[in-house]
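What follows is one structure encoded as structure tokens, with my remarks underneath.
The values are calculated or read from the model by the stated rules, or taken from the named source; none is laboratory data. Note that this is a predicted model, so its numbers are computed, not measured. Cβ: placed from backbone, ideal geometry, glycine included. Neighbour counts: every protein chain shown. SASA here: full protein model, heavy atoms, side chains in, ligands and nucleic acids out. Shrake-Rupley method; radii C 1.70, N 1.55, O 1.52, S 1.80 Å.
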Amino acid sequence: MSTPKIKFENNDRAAHAVSYYLDKLRPSPQRFTLHPYNRFLPQFTEWWLIPNNEWPAYRYSKLFFHRFQLSSEDTEWFYTGFYVERGLGKQLAGMAGVKKTDIMHGDWYWHDFINQAKAGEMDSAIREVLLRSECPVVLSMDVYGFNQVPEPDTERQLPHDWIEFVVRSQDSDFQIAQPGS
């Protein structure tokens with residue numbers, strides 16, 4: 001698979017171009033809200049397209065865009081994807097340092113996502129992305145401690161643990177790219 005090139009100089013410009021394109025395709029009530037993860041560094045932070053204007057948008061699925069250069073490589077990578085968050089369990093409600101907005105409720109998209117994944121609905125989406133982009137699909141799960149929940153308007157810290165899979169072909173063969181501990 002070849003690596004496509006992008007023409008935008010930073011994350012801010014790329015995200016706005018995608019948002020503009022999607023706005024032309026969708027009628028006004030169905031538009032996404034474009035939001036930088038860190039509003040103080042809009043050129044370099046990841047950008048999210050959210051199905052409404054609620055912020056933080058933990059309970060919603062989101063599209064994201066993030067371009068960065070790995071220090072060990074000479075290549076810039078532009079990641080775009082589908083982002084779903086699982087909140088903290090209700091048993092942590094009221095614990096010191098735990099915000100109400102971090103507690104997962106029944107209206108979080110996570111529940112639908114798990115049901116769709118169990119039903120195999122993500123498989124067809126992965127195949128479609130592979131077909132259209134001719135790029136591998138990376139599935140990543142980051143795990144943070146309840147006392148280290150990432151905060152908007154900051155740069156993300158590395159997760160406590162993560163696992164990453166790569167799908168390179170239409171057969172949906174998941175290969176481990178980053179084993180979790």
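Using beta carbons and a limit of 8 Å, which pairs, at least six apart or on different chains, have the first residue in region 23-47 and among the acidic types (Asp, Glu) and the second one surrounded by 14 or more Cβ atoms within 10 Å (Cβ to Cβ) and modelled with pLDDT of 90 or more?
What qualifies is 46/36.
Residue 51 - would you say it is within 25 Å of residue 110 (Cα to Cα) and open to solvent by 20 Å² or more (accessible area, probe 1.4 Å)? Walk me through how you get there before you give the answer.
On the way: within 25 Å of residue 110 (Cα to Cα): yes; open to solvent by 20 Å² or more (accessible area, probe 1.4 Å): yes.
Considered against the rule, which asks whether it is within 25 Å of residue 110 (Cα to Cα) and open to solvent by 20 Å² or more (accessible area, probe 1.4 Å), residue 51 comes out as yes.
Might you check whether a residue that is β-branched (Val, Ile, Thr) and closer than 20 Å to residue 32 by Cα occurs anywhere in region 67-88? Quick ask: steps written out before the conclusion?
If we filter region 67-88 for residues that are β-branched (Val, Ile, Thr), which is where we start, we get 75, 80, 84.
This time we only want the ones that are closer than 20 Å to residue 32 by Cα, so: 80, 84.
Yes, region 67-88 has at least one match.
For region 140-158, how many residues are closer than 18 Å to residue 64 by Cα and not β-branched (Val, Ile, Thr)?
11
Please count how many residues of region 24-48 are open to solvent by 50 Å² or more (accessible area, probe 1.4 Å) and either assigned to a strand (DSSP E or B) or out of contact with any Lys or Arg (no Cβ under 9 Å at 6 or more places or on another chain) (or both).
11
Those residues that are in a loop (DSSP other than H, G, I, E, B), closer than 27 Å to residue 148 by Cβ and either in contact (Cβ under 8 Å) with a residue 40 or more places away in the chain or open to solvent by less than 50 Å² (accessible area, probe 1.4 Å) (or both), I need them from region 86-132; list them, please.
Looking only at region 86-132, we keep the residues that are in a loop (DSSP other than H, G, I, E, B), and these are 86-87, 89, 93-99, 104-108, 119-120.
Next, from what is left, pick out any that are closer than 27 Å to residue 148 by Cβ: 86-87, 89, 93-99, 104-108.
Matches in region 86-132: 87, 89, 95, 97, 98, 99, 104, 105, 107, 108.
Only one of these is under 23 Å from residue 51 (Cβ atoms), open to solvent by less than 80 Å² (accessible area, probe 1.4 Å), assigned to a loop (DSSP other than H, G, I, E, B) and in contact with a Pro (Cβ under 9 Å, 6 or more places away or on another chain): 142, 153. Name it. Break it down stepwise before answering.
Details: 142 fails: assigned to a loop (DSSP other than H, G, I, E, B).
From the options 142, 153, the qualifying one is 153.
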